[in-house]
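Presented below is the structure to which this report refers.
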Amino acid sequence: PGDRKIIAGLWLSLRIAFFTACASVVLGTLAAFALVKYRRFTGRTLFSGMVNAPLVMPEVIIGLSLLLMLVSVQRVLGFPERGMLTIWLGHLLLGMAYATVVIQSRLQAMPPQLEEAAMDLGARPRQVFWLVTLPTIAQGLASAWLLTFTISLDDVVLSAFLSGPGSTTMPLVIFSRARLGLNPSVNAVATVVIAIVAVGVLLASWLIARRERRRQ
């Protein structure tokens, strides 16, 4: 039973981390694009502050605030119940902030002449974004995806506040067992996770380096 609990927690953590990374990259790209390309718009300072706030706020405060908000919403609407969805929302809030910073720095380093040349050749803004901007910042997108995936995978504080019955992530399982003494099953899971992450990082680094050589 203990092994099945760890496997279920690992599978839940991987699913949450995957969806968190994907959504964080999408929302982070939109936020970074707005901050870099549109330097003057109403509420820009407030928007920038809200995006960057999770980076400087303690996770305990974020988790408690989200828990109180979700409890209030559940009392009014009857939805959502604490589980995978609420954990994903908490991880997405934190992951979007990190993704925005990574992608924003890549956009700022991007030569503006590339987009200007594409527009001079007749490309529309939407075509410039899909055919020029996104391929140019692809490395930043990959870095943001890996960073947010890792942050979500090993998060304990937000998951502890936002989890519910039957939605215990792997870090929570390991944390609860660590207080009673570790066992070989926990060590085995940790070894497997480290191996998967190491292979993923090496593969991503190889793909990024290969793409950079082709671009050059």
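Numerical summary
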| read-out | value |
| --- | --- |
| Count of residues meeting criterion [over 15 Å from A97 (Cβ atoms) and not β-branched (V, I, T)] in the range 59-74 | 7 |
| Residue in the range 157-180 that is of a type in the set (A, V, I, L, M), more than 24 Å from L67 (Cα to Cα) and either exposed (fewer than 12 other Cβ atoms within 10 Å of the Cβ) or modelled with pLDDT under 80 (or both) present | yes |
| Output for the range 62-103, where each listed residue is among the small types (G, A, S) and over 16 Å from S24 (Cβ atoms) | G63, S65, S72, G78, G83 |
| Filtered residues of the range 103-120 (kept if open to solvent by 60 Å² or more (accessible area, probe 1.4 Å) and of a type in the set (A, V, I, L, M, F, W, C)) | A109, L114, M119 |
| Unmet criterion (only one of (1) more than 20 Å from V51 (Cα to Cα); (2) of a type in the set (V, I, T); (3) touching a Gly at 6+ places or on another chain (Cβ under 8 Å)) for V132 | (3) |
| Any hit, the range 16-32, residues being surrounded by fewer than 20 Cβ atoms within 10 Å (Cβ to Cβ) and either in contact with a Pro (Cβ under 9 Å, 6 or more places away or on another chain) or not in a helix (DSSP H, G or I) (or both) | no |
| The range 195-206, subset open to solvent by 70 Å² or more (accessible area, probe 1.4 Å) and modelled with pLDDT of 80 or more, residue nearest to L153 (Cα to Cα) | V199 |
| Qualifying positions in the range 44-102 - surrounded by fewer than 17 Cβ atoms within 10 Å (Cβ to Cβ) and not in a helix (DSSP H, G or I) | M57, P58, G78, F79, P80, E81, G83 |
| All positions within the range 1-57 that are among the basic types (K, R), free of Cβ contacts under 8 Å to residues at least 40 places away in the same chain and over 28 Å from M110 (Cβ atoms) | R4 |
| Residue that is most open to solvent (accessible area, probe 1.4 Å), among those in the range 1-15 that are assigned to a helix (DSSP H, G or I) and over 20 Å from V197 (Cβ atoms) | R4 |
| Pick from the range 33-43, criterion part of a helix (DSSP H, G or I) and open to solvent by 20 Å² or more (accessible area, probe 1.4 Å), ranking: farthest from V101 (Cα to Cα) | K37 |
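Matching residues to (1) farther than 24 Å from E59 by Cα; (2) free of Cβ contacts under 8 Å to residues at least 24 places away in the same chain; (3) part of a helix (DSSP H, G or I):
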residue: W145; (1), (2), (3): no, no, yes
residue: D155; (1), (2), (3): no, no, no
residue: G164; (1), (2), (3): no, no, no
residue: L172; (1), (2), (3): no, no, yes
residue: V186; (1), (2), (3): yes, no, yes
residue: A190; (1), (2), (3): no, yes, yes
residue: V193; (1), (2), (3): no, no, yes
residue: V197; (1), (2), (3): no, no, yes
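The values are calculated or read from the model by the stated rules, or taken from the named source; none is laboratory data. Remember, it's a predicted structure, so these values are computed and weren't measured experimentally. Here Cβ is always computed from backbone atoms with ideal geometry, including for glycine, and neighbour counts include all displayed protein chains. With ligands, DNA and RNA removed, areas are computed over all heavy atoms of the protein, side chains included. Shrake-Rupley method; radii C 1.70, N 1.55, O 1.52, S 1.80 Å.
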